[in-house]
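A short write-up of the structure that comes next.
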Amino acid sequence: MFRTIATFFRMLRTGWVLVRHDALVPAEYAGAVPWFVRLFGGLSRIFAIRGRAENPGERFANALEKLGPAYIKFGQILSTRGDMLDPIFVKGLSRLKDKVPPFEMKKAEAMLAAEWGMPWQDRLATLSEPIAAASVAQVHKGTLTDGTKVAVKILRPNIREAMRRDMNVLHMVANLAEFFVPDTKRLGPKSFVNTADRAVMLELDLRLEAAAASEVSEAAIETGFFKVPEIYWDLGGKDVLVIEWIDGKALSDDTILTDPNYDCQDIGRKVMQSFLATSFDYGVFHADMHEGNMIVTDDGTLVLIDFGILGRLSPKEQRFHAEILYGFIKRDYLRIAEVHFEAGYVPAHHTIEDFASALRSVGEPIFGRLASDVSMSRVLMQLFEITEIFDMEMQPQLIMLQKTMMQTEGVCRRLDPKFDMWATAEPIVAASMRRELGIEGRLGDFLDNMDRARRTLEKLPDATENIAALAQAWANGDVDLSKNSGLNGSSPKISVTKPIAWAGFGALVTLGGIWAVSQF
Ligand SMILES: Nc1ncnc2c1ncn2[C@@H]1O[C@H](COP(=O)(O)OP(=O)(O)O)[C@@H](O)[C@H]1O
Ligand SMILES: [Mg+2]
């Protein structure tokens, strides 16, 4: 009870900050809300501060920065939902900065002492002042007792409690929004806040970041496109992460663009291929691909850091996305459409041909034009529009993948204004498709089919019994094939469709198996 009242008062403060930034009911969207909300918005604007940003998303971002870490994280996650928000708003919101003043050295030392159960001097030879500070954690440079240079990431003191408090406010706002403005239900504010809550809480345990880095590191070694710093597990914990220090330049450093020692074209290619190869071949990807999270060493090696957010794709999603990209590269729109239908992403009341034609409207204008004139991001935005027309339910992981792909393309284009997304993607996607459709993929399909066959065989005794009973019922004239009824009257309880379906299914699986074997 006390907590709810406290949350309510915190919500009032949140509301006030939003009002001051004209971000509660921005004038730009007044037409989309009920009259009483519009009236309230109009009145609230009297209290707004002067000299506000033009863009409503930017005003919202400014308010979130003022409100603190949980709101900043919430805004960052919200800015990834280009599929459900006005693009102008998203553009403004994406300017959200995650830069806050560092916390004092004394507090950092206390956090290390609490995590290690001893003063930091017992474990490290040196520890610098913070070199970077964000809403969740800050980073120091240090050296181990053997002289190895390390990066020490330390969570902000009491950040978990602060995040919990702010998240409670966001839950309350989402509940109220769904209750008072039922139209917002379509956007699912409650489930969105739940997702954001989970994502934020995961970021507050640095052991999970270490695990994510280690998982991507395995893929990195195999692809050979990039590296991940080594993790010092024995020095890490919930509040502390210690990793190998990387000497080099962050890609956010503009001097890279003009320094002849850096081959920006090559770096751009590596950035995109790293992202695509881990996504399509290993089903994991770094979901925060901005320049600050990439370092290039003197010998040109690309190193990715900061694994707070990890994207994951199921094998089905990997294949789905690789096929879409491949389809666009090969201009095979029917195939892309089929993939969408097979995956069940487009409801069956639409036709494959209509969908293929809509895809053609996105893909065809691209060809015959210079790759540097065609932005992958624009293509993806158009795809989002199509998905709306065809009632597609977008999967959160795929939205995250597409958003990260846009972000990655942005990084590559900054490095190389003529960056050719399609040519860079082709070898990776083609290799991935060959694997899927080649021996490995066929073996995978074959094993899948065998597994299904096994499950079917397990059910076969039931099915044969059913078929026998069906035959008997048929002979007795008890079978009624009219709609809604398997059998007439109250005679034996057997469904007509089930055994037929099983028999058909069994036959299909067997044929599938024979086909797969014949392909070797
Ligand atoms: N291993 C490292 N080597 C060199 N610099 C690092 C390393 N890890 C972090 N940094 C520096 O600290 C900054 C913040 O670290 P990061 O892990 O990205 O934290 P945040 O989640 O706050 O963005 C990076 O942008 C980079 O400048
Ligand atoms: Mg970072």
Suppose every Lys and Arg Cβ carries +1 and every Asp and Glu Cβ carries -1, with no other charges. What dipole size does the range 1-140 come out with about its Cα centre, to the nearest 20 debye? 500 debye
State, to one decimal in nm, how far the label point of SER314 lies from the label point of ILE88, with both points 7 Å from Cα in the Cβ direction. 3.9 nm
On a 1.4 Å probe surface of the protein chains, which of TYR262, TYR29 comes out largest in accessible area, and what is the full order? TYR29, TYR262
Add +1 for every Lys or Arg and -1 for every Asp or Glu among the other residues with Cβ under 15 Å from the Cβ of LEU334, and state the total. -3
What full-extension length gain, to one decimal in nm, is calculated for LEU39 and GLU353 as 0.36 nm per residue of separation minus the Cα-Cα distance? 108.4 nm
Can you send over the solvent-accessible area of GLU338, 1.4 Å probe, protein chains only, in Å² to the nearest 10? 60 Å²
How would ILE49, ILE428, ILE88 rank on accessible area, largest to smallest, probe 1.4 Å? ILE88, ILE49, ILE428
Local charge sum around GLY142 (other residues, Cβ-Cβ under 10 Å, Lys/Arg +1, Asp/Glu -1)? +3
Provide the solvent-accessible area of ILE46, counting protein heavy atoms only and rolling a 1.4 Å probe, rounded to the nearest 10 Å². 130 Å²
Which of LYS66/LYS227; LYS190/LYS330; LYS270/LYS330 have a Cα-Cα distance over 30 Å? LYS66/LYS227; LYS190/LYS330
Taking only Cα atoms of the range 28-91, the Rg to Rh ratio with Kirkwood Rh works out at 0.98
If each of LYS190 and ALA27 carries a label point 7 Å out from its Cα toward its Cβ, how far apart are those two points in nm? 3.5 nm
What translational diffusion coefficient, in µm²/s and rounded to a whole number, does the Stokes-Einstein relation yield for the range 247-437 at 10 °C and a viscosity of 1.306 mPa s, taking the hydrodynamic radius as the Kirkwood radius over Cα pairs? 92 µm²/s
Rounded to whole angstrom, the alpha-carbon centroid of the range 227-249 lies from that of the range 309-324 at a distance of 28 Å
I'd like the FRET efficiency for LYS238 and PHE180, computed as 1/(1 + (r/R0)^6) with the beta carbon distance as r and R0 of 51 Å, rounded to 0.05. 0.85
For ASP122 and ALA211, what does the FRET efficiency come to when R0 = 25 Å and r is the distance between their Cβ atoms, rounded to the nearest 0.05? 0.45
Note down the accessible area of ARG52, probe 1.4 Å, to the nearest 10 Å². 100 Å²
Would you rank PHE179, PHE320 by solvent-accessible area, highest first, keeping every protein chain in place and using a 1.4 Å probe? PHE179, PHE320
THR4/ASN158 FRET efficiency (R0 22 Å; Cβ-Cβ; nearest 0.05): 0.55
Around ALA132, what is the net charge, scoring Lys/Arg as +1 and Asp/Glu as -1 over all other residues with Cβ under 12 Å from its Cβ? 0
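The values are calculated or read from the model by the stated rules, or taken from the named source; none is laboratory data. Note that this is a predicted model, so its numbers are computed, not measured. Cβ sites come from the backbone with ideal geometry, for glycine too, and all protein chains shown count toward neighbours. We work out accessible area using only protein heavy atoms, side chains counted, and drop any ligands, DNA or RNA first. Shrake-Rupley method; radii C 1.70, N 1.55, O 1.52, S 1.80 Å.
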